[in-house]
Amino acid sequence: MGMSSKRGYIQGKVIANCVGKRVFLNGGVARRPYSSVAEEYFPDEPSKPVVTSSQIPGPSSIKLTKELGRSFDSNASYFISDYFNSKGNYISDADGNKLLDVYAQIASIPLGYNNPALIETARSDVMVNALVNRPALACFPSIDYGKILSEGILAAAPKGMGHVWTALSGSCANETAFKAAFIYQNAKRRGSLDVSAEELASCMDNKPPGSSDMVILSFDKGFHGRLFGSLSATRSKPIHKLDMPAFPWPRAPFPQLKYPLKDHVKENHEEEERCLAELENIITKKVAPNKIAAIIVEPVQSEGGDNHASSFFFQSLRDITLKHEILLIVDEVQTGVGASGKFWAHEHWNLSTPPDMVTFSKKFQAAGFYFSDPKLQPKEPYRQFNTWCGDPSKALLARSIYQEITKNDLVTKTAEVGSYIYENLEAMFSKYEGHVQNLRGKNYGTFIAWDHSSPAERDQFISLCRSKGLNIGGCGSAAVRLRPCLVFGKKHADIMLSIIEDVLKTLRG
Amino acid sequence: MSSGNYFTNEPKEPVVKSETVPGPQSSAGIKALGQVTDSRPVYFIADYEKSVGNYIADVDGNVYLDVYAQIASNPLGYNNPALIETAKSDKMIRAIVDRPALGNFPGADTAEIIQGLLDMAPKGQDKVWSGLSGADANELAFKAAFMWYQGKKRGFTKGFNEEELKSVMSNSAPGSPELAILSFERAFHGRLFASGSATRSKPIHKLDLPAFKWPKAEFPSYKYPLDKYEAENKKEDERCLAIVDDILKSWSIPVAGVLIEPIQSEGGDNHASKEFFQGLRDLTLKHGTLMIVDEVQTGVGATGKMWCHEHFDLSPAPDIVTFSKKFQSAGYFFHDPEIMPAQAYRQFNTWCGDPARMILAGAIGKEIAKNNLVQRTKEVGQYMYSKLEALSSKYPKYIKNLRGKDRGTFIAWSLESGEARDKFLKDLKTKGVNMGGCAESSVRLRPTLVFEEKHVDILIQKIDQLLASY
């Protein structure tokens, strides 16, 4: 694959950047070198990708996908994985290929494949107990559930958010947050009045006033899940929404920033002002503030194309929600748990007051939402309720994930590796103008993306990367996103960069 | 196989040590947990390490005979050794630590894991899609129904037009069409927004949440005992079917699917006849809408069939059957290839289920088959029903409208009021029995599949003791 010459180039650049030594981009204290965590976890991690089939998917993957497709929708399958032989940052497939994985199960593998610390957790007696005795958590919680929460999910809570409600997926997390918002706003509207007989009767017919006509406002290109409430807030792509009934909820424009940011400061600020003004207009003129229960926003619109906005935009959004008494839900399903160089991406904004709710899933394995105001827990029990109310086995995993991240300082390391990747991509992309542009995610850990000249070329790029042993994902219409796990080190970055440049050369022809 | 084979150390009878339930330790635990999450519905803090088979232990050293079984979701008793073995297997460890995005990167063992689910599929179903909970399973089934309904009009493999692609992004027709799921009064199908729209059990489940303008039909209300009121109940079936026919013909929004529980569980354990269900099947065929059977609570053996709707011998088989709870894994079974979207990424999400839970489902299925637990549940249910029937003539005020004859252990009855019911359940805990309620004034029995005659005897004895003291 011509790896060695590329490595030379990249390493040369690193040395130039770092003057032969590690620099601490976040001004931190000296820690172990970048890649040692992966080496410690995975002494036998492959040193580079191995591609043995002439194409990916290879013959075994194709055959198994077809067989699986008879009983299980496998239309979206890229290849059949061999998780038993996957290790660290490398995913193995049924044809014996080993790919460096910077997609990581759509951004949901936190600490690499077969992480020994998580294996230990999975083998523990408490895990076995949680698996075979799954409780109806809200009715019959276990002795240790409070402790599991406080040492894990709650220990990781964003600043100022001391409460949690657990769920099962990102969609489910967002929808339970929506429910909390609707119940809260309607209780506020009612004030000291009791629920009326009319409300009780009409809700059984799915009609107002018992069934609320309040709405959730989301942003153009936002992705918040694919169940019916979450899907009504999702505005990423038609394929996610077609043929599904949806609530008539409003959407506001999300800033479309120009890159590089430093060359478009004024225009981008104006773009954010424009979006904020339009948001204000929608709230006050098109919908009415007292009809909007909550606004949901991602720190980076991920599925929608890795669209960023500035801290100014998000603080202004916070101010608008406070002014109109609308709740702010920050959807950290994809951005949360370290990848952005902060544990929670919204911590980059330094908001004056915390969001009202923050939802999580993916890398945390457990899902749910944090909240600060105890009033977001309905006054009456059984309103935010279901059979399982979460899953203790996932809460146990979340605890271990949090503890490993803390112990190994993986958020800082991800920030550092991310800066390294960003700088190298920036230098590299200057040579491939017309093919790649709008590099984004500076100072945002490994949460980096860029655009290709067309959707077709993007798809070709992804496919070529895969055939060279790099599993990489797309988003939006023509973007590529990096979503490696938190033990992605500099040595992995070098291999990735080298493959990316190889493929760009091919595309340039 | 008796539960003794699984659980050599299962308690012989309940033990109640604390003066009240919840006891002091539970009360302290509830208070502490309430600082960080909603703990108001907690009955007691359980000690799962010490729970065995049909007995659940709590932090105060109480040990209850459990006929609620985690709201009907524990399949084979606490700490079942076969499931413990599965939980410790290498396959499970991998599934836990390397949870895949199953739609994009299925594992080499995915087909085998799925086969474990399919081995237990209802008659006539050979395909499956997986979700995470009952509500999720139902909503995924709705999505399948909506795509199928529009696909039938458009052509299943045909692309979308510009207007659809554009309008869908603003949540309007034709891309986001107005389509409905028809459900029944008193039905329960989950608590997310679309499943919540189909749910019609109680206001507390629905109040203040936006809902789709979907229709509801009436579910038969029978007079008991059934053999005495055959003619009246037949008329009731016909009346309810006529309402369905009318809605399917005339509702302002096209109905893509009819969703029904074989026994309305949360809504009060309401039963309907085989003829009613076949009549409903016929109406769905007549109007070109899908029949979705929600087996979340009724499925996996408790009714004396693996799937409750198998009692009805429906012809043809339902289009979609949803599952969760006792199977630990959730999702839906189907058979028509056109119910699987032709285009990728339409029935899709990050995880598309959870192999860890699917592996458990496979193991549960194997144990059920190996130990003939459906047949055993049927026998135990018959034994229990006859004992309860006797008790009901002794205490007619407290055991009214006994229902679930020939439905395994899926038995329920009503009391005179919600207050009387709540008191009965609370008092029963102090006798060492953990039982659940449903609807306004009913109680439901939802034991595991390893509940046997000896457990029935204890249950009957405790109920008898309690009612004698009233």
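Peptide B:48-56 shows a mean partner chain C-beta count of 3 within 10 Å per residue C-beta. In summary, the convex hull built on the alpha carbon positions of segment B:100-353 has an orientation-averaged projected area of 14.2 nm².
Find the relative contact order for chain A and round it to a whole percent, using C-alpha pairs within less than 8 Å whose residues are 6+ positions apart. Don't skip to the end; give the middle numbers.
Details: 940 pairs, mean separation 110.5, N = 509.
With pairs under 8 Å counted, the relative contact order is 22 percent.
Inter-part distance, segment B:410-470 to segment A:266-331, computed on C-alpha centroids, equals 52 Å. Taking the DSSP bridge list for segment A:292-373 and keeping only pairs wholly inside it, about 40 percent are antiparallel. The modelled label-to-label distance between residue B:249 and residue B:31, using points 7 Å beyond Cα along the C-beta direction, is 6.3 nm.
Using only protein heavy atoms and a 1.4 Å probe, how much accessible area in total is buried between B and A, to the nearest 100 Å²?
Details: alone 21380 and 22740 Å², together 33370 Å².
Roughly 10800 Å² of accessible surface disappears when B and A pair.
The helix-only estimate of mean residue ellipticity at 222 nm for the protein assembly as shown, built from DSSP H runs of length n ≥ 4 each weighted as -39500 (n - 2.57), is -12000 deg cm²/dmol after division by the residue total.
The mean number of partner chain beta-carbon atoms within 10 angstrom of a residue's beta-carbon across peptide B:354-365 is 2.
Per the 1.4 Å probe, what fraction of the accessible area of the protein assembly as shown, in percent, lies on carbon and sulfur atoms? It would help to have the intermediate numbers written out before the result.
Working: 17390 of 33370 Å².
Exposed carbon and sulfur together represent 52 percent of the surface.
About the centre of its Cα atoms, chain A shows a dipole size close to 620 debye [charges on the beta carbon of Lys, Arg (+1) and Asp, Glu (-1) only; nearest 20 debye].
Ranking request for peptides A:372-380, A:215-223, B:85-93, A:186-194: highest mean number of other beta-carbon atoms within 10 Å first, then the rest in descending order.
The packing order, highest mean first, is A:215-223, B:85-93, A:372-380, A:186-194.
Going by accessible area, probe 1.4 Å, with all protein chains left in place, what is the ranking of B:385, B:78, largest first?
Values: B:385 25, B:78 0 Å².
Greatest to least solvent exposure: B:385, B:78.
What is the packing order of peptides A:140-153, A:433-446, taking the mean over residues of other C-beta atoms within 10 Å and listing the highest first? Let's see the in-between values first.
Details: A:140-153: 21.5, A:433-446: 19.5.
Taking the mean over residues of other Cβ atoms within 10 Å, the ranking is A:140-153, A:433-446.
On full extension, the segment bounded by residue B:17 and residue B:278 gains 88.9 nm, given 0.36 nm per residue less the C-alpha separation. The heavy atoms of residue B:160 present about 50 square angstrom of accessible area, all protein chains included, probe 1.4 Å.
A compact globular protein would have a Cα radius of gyration near 2.2 N^0.38 Å; the ratio found for chain A is 0.99.
The candidates A:269, B:189, B:271, arranged from most to least accessible area with a 1.4 Å probe in the full protein assembly, appear as A:269, B:271, B:189.
Only Cα pairs under 8 Å and 6+ residues apart enter the sum, and on that basis the relative contact order of chain B stands at 21 percent.
Under a 1.4 angstrom probe, counting protein chains only, how are A:477, A:124 ranked by accessible area, largest first?
On the way: A:477 85, A:124 30 Å².
Reading off the accessible areas and sorting them downward yields A:477, A:124.
The values are calculated or read from the model by the stated rules, or taken from the named source; none is laboratory data. Every value quoted in this text rests on a predicted model; they were computed, and no experiment measured them. No Cβ is skipped: glycine too gets one built from the backbone with ideal geometry, and neighbour counts run over all protein chains shown. Only protein heavy atoms, including side chains, enter the accessible area calculation; ligands, DNA and RNA are left aside. Shrake-Rupley method; radii C 1.70, N 1.55, O 1.52, S 1.80 Å.
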